[in-house]
Amino acid sequence: MYQRIPSPRWLAASLIALGVSAPAVAQDDDPIKVGILHSLSGTMAISESTLKDTVEMLVEQQNEAGGLLGRELEPVVVDPASDWPLFAERARELLEQEEVDVIFGNWTSVSRKAVLPVMEELNGLLFYPVQYEGEESSENVFYTGAAPNQQSIPAVNYLHDQVGVERWVLAGTDYVFPRTTNRILEAYLKDEFGVADDDIMVNYTPFGHSDWQNIVSEIKRFGSEGKKTAVVSTINGDANVPFYRELGNQGVDAADIPVMAFSVGEQELSGIDTGPLVGHLAAWNYFMSVDTDANYDFIDAWIEYNDDETVVTNDPMEAHYIGFNMWTEAVRKAGTTDVDAVKDAIIGVSVPNLSGGYATMMPNHHITKPVMVGEIQDNGQFAVVWETPSTVAGDAWSDYLSGSRDLIADWRKPMECGNYNVAEGTCMGSNAEEQAEEALSGD
Amino acid sequence: MRIPCTFLGHARWHAAMTRIVSLGLLCLLIAIPVAATAQDDVDNGQALLEALDVRSFQDKAEAINAIIESEDERANDWLQALLDGDLQRHKDDGRFVIVTDNVGREWPVIDALSGDDLGEMSRRDLARININNALRRQLRSALSMVELYTGDRDERREAAKGLIGKVDDELSDSLASRLENESDEDVRHRLNQALAVYRLEQGDIDAVETLAGSLNSDVRVALTRAADGEGAVADAAQAALADIEQTLKLNRGAETLYFGLSMGSVLVLAAIGLAITFGVMGVINMAHGELIMLGAYSSWMMQQLLPGYPGIAVLLSIPVGFLVSALVGVVIERSVIQHLKGRPLETLLATFGVSLILQQLVRTVVSPLNRSVTTPEWMSGSVAINDALSLTLNRLYVMGFAVLVFAALILVMHRTRLGLEVRAVTQNRAMARSMGIRATRVDIMTFALGSGVAGLAGVALAQLTNVGPNLGQSYIIDSFMVVVFGGVGNLWGTLVAGLSLGIINQVLEPWAGAVLAKIMVLVFIILFIQKRPRGLFPQKGRAAEG
């Protein structure tokens, strides 16, 4: 049910779009401004700083290829310093003072929620590249990362169907993304597979947790009762390194108790010796090891841009790559960088992804992605062991939560609504301000 | 040696696969002289490997079986390479190669069929034969079965342990004969257990006796299954299980104690430097965490300078980490702290600023990303006390290191001239100066000592957690907590406070969860400080009152 294939109409539209890239006449010689809103200092700098570099590299490549609509692109970088309210201020600065045409940015959900009202008030364009918990669709935001149905649900299906898992440990960091994801997963496991309460263990740890001895030993005990056990991990950021080290040292073997991670990519693994972790899993929409020429070209360009042989690429980088290309394509199609025109033009646009397929922008501002499960290798890379046969369209509202089951998002005319209730036939309207306040006060 | 090679003919992909595969490899091993003729037949090898280059993992499993049955003498190398992910195929000419080193973009390879050295190939041109956990398990048990017969003592022990719960009719005979030829007591014990689990499944009540007292989880699963049944066997199994539960409880207690001590020793290491700068000198140094971070980064730096020698690098990083942090500590003391003497609030703010500067400096100069510090071979893994209790080695080393650092500090403070001067200056600065002690010099030395010890903590932490710009932040609060709880100015207080907080935390964690356990510890300390504002071991004498 999560494998929605883009309809022929969109494909046709996008093929036309590809063919007829308008021979644009330069309207003025001012450069097109591309805003970059990623933390370069503070806790999130570890993840976000590479995304800033990625967008800068893409801008540079675009300029070398002749710019866009005959104009130069100019990156405008600001540093929101991992401070969520500061994200909103910096976004306002980008839109009001710098007058950027588009923004690529954010990592954590709470920072996105903070920026949301600014985007809607000033009618900006934001491309958000990270896998997230769903339950949102804004007119001004394009979600190029995975929604839950593009990551966690297929991953759990893989564990159940292919690995034969019967007992589940849901381990996560204590904040909104793991809690929402685990709520969806718990409901899904009980409804779909009839898993008993006893066979689910839920565990939350604080950000940056470093002493995993007890939890790993508990997981070992939980998994030694004869039923096949797996850990579904939404542990985020820094805490993963000591977690995986402890797993390795306590001898938790992937063949016995595999750990399926949703927030561990090549970059996180570059901080650990992966020898003892071979076989543990991660679910993403892209892996650096994907064997296509587009991917190798991207990696080569990235290595050259950084002038460092050891740099790695990861899933959010690919999301920016797709988002950036979709935006340039839409600008070409619209013949202008005007936000409203681009917003209309981008729906249905298809661009190649790095795994040999195409990503299409859906009317709910989410994109189509293949879902892959990879096993960790001893060189810090993942080998893909399972993949959806076709791409999956992102679902903004989960089908497994009672509140959001009836909601859909469609930003095409005439509906133009991010949370249309199918049962009642009404649009719930924007509540970005409230959501932002809620997210910020909860932090 | 009696091995039922005959039944290999009708091998099927099924639950029995593991056994068939294992025995197949075994036959191959014994049959090497006979199989030598197969070597000439190169096409056969190519075909065998080609069968592996398919998408479906089930087909791959059958292809692995075919390789084992082929009795080709290169089978062992192929399977090992497949297990390690080194068996790859050239995209253009379809040739199978084994990668010998997969670092970077150009990899040295050898031909999988002939074993010839083929130089370097680009990873772009190679496609790896992927395996998944199921195949990994299949390959491992096949290879370990060979090890049971030919491996050294440790390999045989591991192989025998892996057999518990996996024995069936066919395998039980060959294992029984293997048991007769086995000399190692531990391997015999494991094989006996493996056979007993099999006999228990057949309803043999004597098997329970063999299994009684075993802490192995596969044995426990087998006993639980037997206890769910009816009759005498079930009763016996229940009794044995109750016994095992009792022992497990003891083990769990020991384990919690170890976890607590190990967490405590990390706290002690992080706090002991602060116990000197804050406790003895009275300087509130918010940049203490960053001095720890610099120590961790020196550990990383040493590994960069000595690639390939992680062990030596770790040992060398102990003095280097000390010196780097001590030096930075001196610079902070001279440039900031000495001008703010007696103004704790300003010192706090200024050193907090220094800590932010140091963090951003590392982000800009090194990288905002975490750096990877390799754990040397002798520090990874764990020592097994028994089947249910094993102690992780890296933490064991850190515990030992904490004890050494603490002992050295006590010696310095109580047995050296520097220690004497430090104590004199902190107790009565004016009097000490009039006795001819150069107080400024003592200040510098003390601060350098405290900072250097923070660097040592960093070297130890690099083996446990992330080496990144944020490393220090996560330990600064804990460090102050330990020093205040232990009693400001008392090194022994810091030791006792660190260890007890570690143990309290680990005892609470299993039933309260990590988040709540941390909060409970904080609340406990707040209440404790209300009652005893000077901590566990308050300093006595006039200096303390002043």
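The values are calculated or read from the model by the stated rules, or taken from the named source; none is laboratory data. These numbers come from a predicted model, not from an experiment. Glycine gets a Cβ as well: all are built from the backbone with ideal geometry, and neighbour counts include every protein chain shown. Each accessible area value is taken on the protein alone, full model and side chains, heavy atoms only, with ligands, DNA and RNA left out. Shrake-Rupley method; radii C 1.70, N 1.55, O 1.52, S 1.80 Å.
Enumerate the amide H contacts of A:LYS33 below 5 Å, restricted to partners 5 or more residues apart or on another chain; note that Pro and chain-start residues carry no placed amide H.
A:GLU74, A:ASP101
Would you look at the GNM of chain A, springs on alpha carbons closer than 10 Å, and say which of A:MET57, A:MET428, A:MET326 moves the most?
Of the options given, A:MET428 has the highest mean-square fluctuation.
First obtain the Kirkwood hydrodynamic radius of chain A from its Cα pairs, then insert it into the Stokes-Einstein equation at 20 °C and 1.002 mPa s, and state the resulting D in µm² per second as a whole number.
Working: Rh = 22.3 Å.
Answer from the Stokes-Einstein relation: 96 µm²/s.
Count of lysine pairs in chain B with Cα atoms under 26 Å apart, counting only pairs 8 or more residues apart in sequence or on different chains?
Total qualifying Lys-Lys pairs in chain B comes to 7.
Enter the mean projected area of the convex hull around the alpha-carbon atoms of region B:458-546, in nm², rounded to one decimal.
Numbers: hull surface 28.5 nm².
Over all viewing directions, region B:458-546 projects a mean Cα-hull area of 7.1 nm².
Taking just the alpha carbons, could you work out the radius of gyration and Dmax for region B:147-257, both in angstroms?
Rg, Dmax (Cα atoms, Å): 14.7, 44.
5 Å is the cut-off here: which amide hydrogens, built 1.01 Å from N in the peptide plane, fall below it relative to A:ASN364, excluding neighbours closer than 5 in sequence?
When sequence neighbours closer than 5 places are left aside, the close amide H contacts are A:TRP411.
Whole number please: convex hull volume per residue of the Cα set in the protein assembly as shown, in Å³?
So the per-residue hull volume is 197 Å³.
Could you grab the Rg to Rh ratio for region B:233-336? Cα atoms only, Kirkwood for Rh.
1.31
Output the relative contact order of chain B, whole-number percent, from Cα pairs under 8 angstrom with separation of 6+ residues.
That works out to 15 percent.
In what order, largest first, do A:CYS417, A:CYS427 sit by accessible area if the probe radius is 1.4 Å?
A:CYS427, A:CYS417
Could you work out the equivalent-ellipsoid semi-axes for region B:254-545, taking the square root of 5 times each eigenvalue of the Cα gyration tensor, largest first, in whole Å?
30, 24, 18
Give a residue-ordered list of calculated ³J(HN,Hα) values for region A:59-73 (Karplus: 6.51 cos²θ - 1.76 cosθ + 1.60, θ = phi - 60°; whole Hz; x for Gly, Pro).
So the Karplus estimates, Gly and Pro as x, are 4, 4, 4, 5, 5, 5, 7, x, x, 9, 6, x, 10, 6, 9 Hz.
Which residues' amide hydrogens lie under 5 Å from the amide hydrogen of A:THR205, considering only partners 5 or more residues apart or on another chain, with H built in the peptide plane?
A:GLY172, A:THR173, A:ASP174
First obtain the Kirkwood hydrodynamic radius of region A:259-323 from its Cα pairs, then insert it into the Stokes-Einstein equation at 10 °C and 1.306 mPa s, and state the resulting D in µm² per second as a whole number.
124 µm²/s
Kirkwood Rh, Cα Rg: Rg to Rh for chain B?
Using Cα coordinates only, the ratio equals 1.10.
For chain A, what number of Lys pairs, 8 or more residues apart or on separate chains, have alpha-carbon atoms under 21 Å from each other?
Counting lysine pairs in chain A gives 12.
Is the C-alpha gyration tensor of region A:152-261 telling us rounded, prolate or oblate? Criteria: a/c under 1.5 is rounded; beyond that, a/b larger than b/c is prolate, otherwise oblate.
Numbers: a/c = 1.81, a/b = 1.21, b/c = 1.49.
Since a/c reaches 1.5 but b/c is at least a/b, the shape of region A:152-261 is classed as oblate.
When the Kirkwood radius is taken over all Cα pairs of region A:300-443, what Stokes-Einstein diffusion coefficient follows at 20 °C and 1.002 mPa s, in µm²/s?
Values: Rh = 18.2 Å.
Using the Kirkwood radius from Cα pairs, D works out to 118 µm²/s.
For B:VAL336, A:VAL176, give the ranking by accessible area with the largest first, probe 1.4 Å.
Heavy-atom accessible area, descending, gives A:VAL176, B:VAL336.
How far apart, in nm, are two points set 7 Å out from the Cα along the Cα-to-Cβ line at B:LEU306 and at B:ASP77?
3.5 nm
Please tell me the relative contact order of region A:152-261 in percent, rounded to the nearest whole number, where contacts are Cα pairs under 8 Å and at least six residues apart.
The value is 35 percent.
Applying the Karplus parametrisation 6.51 cos²θ - 1.76 cosθ + 1.60 with θ = phi - 60° to the phi angles of region B:450-461, what ³J(HN,Hα) value in whole Hz is obtained for each residue in order, glycine and proline being reported as x?
Once rounded to whole Hz, the list reads x, 5, x, 5, 4, x, 4, 4, x, 4, 5, 5.
Given the rule -39500 (n - 2.57) for each run of at least 4 DSSP H residues, summed and divided by the residues of chain A, what is its mean residue ellipticity at 222 nm, to the nearest 500 deg cm²/dmol?
-11000 deg cm²/dmol
Per-residue HN-Hα couplings for region A:90-100, Karplus 6.51 cos²θ - 1.76 cosθ + 1.60 at θ = phi - 60°, whole Hz, x for Gly and Pro?
The phi angles translate into 5, 5, 4, 4, 4, 7, 8, 8, 7, 6, 6 Hz.
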